[in-house]
Each structure stands twice: as C-alpha cells, then as structure tokens.
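These notes concern the structure reproduced below.
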Amino acid sequence: MLIGTVINTLEIKQCNPQLENQNILLVKSMEALTPALDQAGAQVGDRVLVVSGQAAEKYCMQSPADAAII
C-alpha cells in the first residue's frame, strides 16, 4: 500500500478484454511511478491510496490488476 499523487492518465491500445472501459492512471509516490486501475474516480493532481496484489484484484472485480486506486 502506498500514497501518491496522480500525475497523468494512460491510454492502452491493446489490453485484456476485462480491462476495457477502465481508467489507468500514473501515480507518483516517493518510491516510484506506478500505473494503477482507478476505482475511486480520481483525477490528475489528486492524492490517492494505491493497493497491490490480491487487494487490487479484489477491488477491480477480479480483473487482472497489479495495482488499484481505492
């Protein structure tokens, strides 16, 4: 789990069908830049909480996600 700031949105041209119509945001934390699926309606400039692993999959309705904004 980490706290970061949304710095940009990402556009994916080819992805898993389960990820269609999902927003992917780029989050900057003290450690790194992390792409994450947006489950909270965040926008650029917002401070967010990012979870990873099984917690991310739970919040993303079993979509193949490594990180999610909650």
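Other residues lying with their Cβ under 15 Å from the Cβ of Gly4 contribute a combined charge of -2, Lys and Arg counting +1, Asp and Glu -1. Rolling a 1.4 angstrom probe over the protein heavy atoms with all chains in place gives the chain an accessible area of 69 Å² per residue. For a paramagnetic label modelled at 7 Å from the Cα of Ile3 toward its Cβ, which residues of segment 26-51 fall within the zone defined by backbone nitrogen distances under 15 Å? Answer for this model: 28-31, 46-51. Each peptide in 53-59, 35-41, 9-15 receives the mean, over its residues, of other Cβ atoms within 10 Å, and ordering these scores from highest gives 35-41, 53-59, 9-15. Normalised by the residues of the chain, what does the relative contact order come to in percent, with Cα pairs under 8 Å and at least six apart? Here the relative contact order equals 35 percent. Computed over the chain, the per-residue total of -39500 (n - 2.57) for DSSP H runs of n ≥ 4 gives a 222 nm mean residue ellipticity of -2000 deg cm²/dmol, rounded to 500. When Asp46, Asp66 are compared by accessible surface with a 1.4 Å probe, the order from highest to lowest is Asp66, Asp46. Can you bin every Cα-Cα distance in the chain into 10 Å intervals starting at zero and give me the percent of pairs per bin, rounded to whole numbers? Reading upward from the zero bin: 23, 57, 20, 0.
The values are calculated or read from the model by the stated rules, or taken from the named source; none is laboratory data. Because the structure is a prediction, the values reported are computed rather than measured. All Cβ positions, glycine included, derive from the backbone under ideal geometry; neighbour counts span all protein chains shown. These area figures cover heavy atoms from the full protein model, side chains too; ligands, DNA and RNA do not enter into them. Shrake-Rupley method; radii C 1.70, N 1.55, O 1.52, S 1.80 Å.
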